[in-house]
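All remarks here apply to the structure that follows.
The values are calculated or read from the model by the stated rules, or taken from the named source; none is laboratory data. Being a predicted model, the structure only gives us computed values, none of them experimental. Every residue, glycine among them, receives a Cβ derived from its backbone with ideal geometry; neighbour counts consider all protein chains shown. In case anyone asks, the SASA skips ligands and DNA or RNA and just uses the protein heavy atoms, side chains included. Shrake-Rupley method; radii C 1.70, N 1.55, O 1.52, S 1.80 Å.
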Amino acid sequence: MARRRFLGAMAAAVAAGSGLYPRGAFAQDQAWAMRPDADVDQINFVVWQFGNIYDDIAAKFEADWGIPVEKIIEPNIDPQIAKLTSMYAAGEDIDVLVSPLQTMASYIDQGIAAPLDGLPGLEEYAADMTPLARSIATRDDQIWGLPYLSIAWNFIYNSELLEKAGFADTPFTTWEELTEQCLKAKADGVSNHPLLWVAGAAFDPLPGTWFAQVANRGGRIFAPDMTPELGPGSVAREALQYFQDSFLKHEIADPDSLNLKFLPAVKVFNTGNHIYLGALHNYYMNVVNDPAQSPIAGKGRIHPMPGDGKTLAVTWYYMLSEATRDREWAWKMLQYLGGKTQDGVYTQALALAKSSMLAPGYTSVLNSPELREMWSERVDVDAMLNIFDKAVPYPEVVPAVNEPWYPQWNEMLNVELTACLRGQITPDEACDNMIANIDKAKA
């Protein structure tokens, strides 16, 4: 039956000319359009704030199904994690949640999250997921979520300042060239600190910037068996030495980088005082080239990591909770957040892609000509998609991210990285401490 549903969905999508907008009687027969047998008084989700997307999708759910939605929205990732875990510990109802990669394993092992096996329509979603999204969502041959967004780490450069530095249309291609260009720009007075890093201590910003450098150089933080690859002579130490040198030896990196997470770093870059910003999520091109938000709009260019462009990529997910009041209704809500609405449209994925350039985790949405046309106003679309093509999934570089002790280790990692970049310890000492912290995180 699952196979017949899948083949039927594909055939109808072809007949309609698009997998994005199924219409008519066909849509009404699909899993996303069928009402669960049970009734519930309400449904809820626990998320972090992102514009008005959750108000909009909750209103659509209520209008389509007549079920009230309780929106539990925290201002950012860290307070959302704290809220979610405290609710679960208190035995409260949790239907759907959002999770970055770093907490997925912990949620699974604690029983906060539930696998999606056996839920109607799952096969169709899995078939449409991008390889990146499907690989990260799968654990022990089970799918644990529907995509929220996919992310690749990259650089951004200011084309006007790069030209003033004497490198018009020729951004760096190697790490050494990045240093050389920045040193020349600094010496010529084009920019006092040509390089701005996303290096604020937090769950993802600072670690991700270092991990992306390690991935680009062909290294890993852990082997698949969780043996740390942080010892003497490791790629990780080489990358961390470069990272520190940009601050201390060459003085090309802005010291304020150590206070800046993603959006604050983008806002500082938008002042026009830096040539390069890295490493950060691809969708911030939407902010850099938005005339309403950026004084340098039109001058921002997306740029791959050096060499062959290998980089880090990840998908984050909406997940079903084990603490749900009704699994079928929770699945319906999960689809509104990470899949299709009653009309068979990827409403949330399309809205996020259009408004904020968040890369969808579904091939049919990603390949939409409508998105390409919209994105081309802010970014070289082919260049951005090529960055994704060169990306390595986050768990291949940091397989420990799937271990329950990883969040605690990540907190200690931020301490070591910050101390290293401030010159309080050497890269060797920092990596030695990271290795020692593994046992502390497991305790």
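Sorting 371-378, 406-413 by their mean Cβ neighbour count within 10 Å, with the most densely packed peptide first, gives 406-413, 371-378.
Cα extents for region 102-244 along the principal axes, largest to smallest and rounded to whole angstrom: 63, 37, 24.
What percentage of the solvent-accessible surface of region 358-443, computed with a 1.4 Å probe over protein heavy atoms, is contributed by carbon and sulfur atoms? C and S fraction of accessible area: 47 percent. Segment Ala63..Ser356, full-extension length gain: 103.0 nm, with 0.36 nm per residue of separation and the alpha-carbon distance subtracted. For region 30-133, the square roots a ≥ b ≥ c of the C-alpha gyration tensor eigenvalues yield an a/c under 1.5, which makes the shape rounded. With each label modelled as a point 7 angstrom along the Cα→C-beta vector, the Lys267-Phe50 pair spans 2.0 nm. Each peptide in 231-241, 102-112 receives the mean, over its residues, of other Cβ atoms within 10 Å, and ordering these scores from highest gives 102-112, 231-241. Taking the accessible area of region 88-143, probe 1.4 Å, and keeping the other protein chains in place, the carbon and sulfur fraction comes to 47%. Residue-wise HN-Hα couplings along region 198-210, as the Karplus relation 6.51 cos²θ - 1.76 cosθ + 1.60 with θ = phi - 60° gives them from phi, are 8, 9, x, 5, 5, 4, 10, x, 5, x, x, 5, 6 Hz; Gly and Pro carry x. The length gained on full extension between Ala82 and Thr138, counted as 0.36 nm times the residue separation minus their Cα-Cα distance, comes to 17.7 nm. In this structure, Ala90 and Glu70 have a Cβ-Cβ separation that, at R0 = 22 Å, corresponds to a calculated FRET efficiency of about 0.90. Of the residues Phe45, Phe211, Phe269, the one whose Cα sits farthest towards the positive end of the charge dipole of the chain is Phe269 (charges of +1 on Lys and Arg Cβ, -1 on Asp and Glu Cβ, taken about the Cα centre). Estimated at 0.36 nm per residue, the fully extended path between Glu163 and Met374 surpasses their Cα-Cα distance by 73.3 nm.
Taking only protein heavy atoms and a 1.4 Å probe, the accessible area of region 163-322 is 50% carbon and sulfur. Here region 333-401 yields Rg over Rh of 1.03, to two decimals, using C-alpha coordinates and the Kirkwood radius. In order along region 163-174, phi translates into HN-Hα couplings of 5, 4, 7, x, 10, 3, 6, 10, x, 4, 10, 9 Hz, rounded to whole numbers, per the Karplus curve 6.51 cos²θ - 1.76 cosθ + 1.60 with θ = phi - 60° and x for Gly and Pro. Rolling a 1.4 angstrom probe over the protein heavy atoms with all chains in place gives region 315-376 an accessible area of 28 Å² per residue. The per residue volume of the convex hull around the alpha-carbon atoms of region 373-443 is 145 Å³. Scaled to the globular estimate 2.2 N^0.38 Å, the Cα spread of region 165-206, given as radius of gyration, is 1.38. Taking Cα atoms only, the orientation of helix 77-89 departs from the longest principal axis of the chain by about 40 degrees. Given the alternatives (i) 0.95; (ii) 0.98; (iii) 1.15, Rg/Rh (Cα atoms, Kirkwood Rh) as computed for this entry is given by (ii).
Rolling a 1.4 Å probe over the protein heavy atoms gives region 33-129 an accessible area of 40 Å² per residue.
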